[in-house]
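Just so you know, all these numbers are worked out from the coordinates, no wet-lab data involved. A quick note: this is a predicted structure, and the numbers were derived from the prediction, not measured. We place every Cβ from the backbone using ideal geometry, glycine too, and count neighbours over all the protein chains shown.
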Amino acid sequence: MHGRLTVISAGPADRAAMEALADRAVARYRQLKGFKQATFFIDETEGVYGSLTLWESREDADAVADVAGPILREGLAGVALRGQPQIRTVEVYEPKG
């Protein structure tokens, strides 16, 4: 299994926009091949928002970039970003036992 880890730094006042972005993104991801799960996290004090989406394969995780890009651009319009979103595909290790 592979994950797509996204971390966005914005202002604390951007929480509503970030929640709306998460809702829109996960609705679309559920329609894609290999989607398993999405978890979203918020550190409102620091203005850090992010997600970890899980996919059946690295190919599935990488393929979502074509869908996620437009969703991110639209959802982040008007958000006070502090730098560019950090996005990476990672292998998920599942502990034995």
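Placing a pseudo-label 7 Å from each Cα along the Cα-to-Cβ vector at A38 and E91 gives an inter-label distance of 2.7 nm. Among M18, V79, T53, which residue has its Cα furthest toward the positive end of the charge dipole of the chain, with +1 on Lys/Arg Cβ and -1 on Asp/Glu Cβ? Value computed over the given set: T53. A simple charge model with +1 on the Cβ of Lys and Arg, -1 on the Cβ of Asp and Glu and nothing else charged puts the dipole of the chain at about 140 debye relative to its Cα centre.
Between the Cα long axis of helix 15-29 and the first principal axis of the chain there is an angle of about 30°, rounded to the nearest 10.
Working from Cα pairs under 8 Å separated by at least six residues, relative contact order for region 2-91 is 51 percent. A Gaussian network model of the chain, with springs between Cα atoms under 10 Å, assigns the largest mean-square fluctuation among R15, R24, R73 to R73.
Taking other C-beta atoms within 10 Å as the exposure proxy, M1, M18 rank M1, M18 from fewest upward.
Exposure proxy for S57, S51, S9: other Cβ atoms within 10 Å of each Cβ, ordered fewest to most, give S57, S9, S51.
Restricting to DSSP H runs of at least four residues, report the calculated mean residue ellipticity at 222 nm for the chain, -39500 (n - 2.57) per run over all residues, nearest 500 deg cm²/dmol. Present the calculation step by step, with values, prior to reporting the outcome.
Values: 3 runs with 33 residues, N = 97.
Taking each H run of at least 4 residues, the total per residue is -10500 deg cm²/dmol.
The angle separating the long axis of helix 65-76 from the principal Cα axis of greatest extent in the chain is about 20 degrees. Stokes-Einstein diffusion of the chain at 25 °C, 0.890 mPa s viscosity, Kirkwood radius from Cα pairs, rounded to a whole number: 179 µm²/s. Modelled label positions at A80 and A65, each set 7 Å beyond Cα in the direction of Cβ, lie 3.1 nm from each other.
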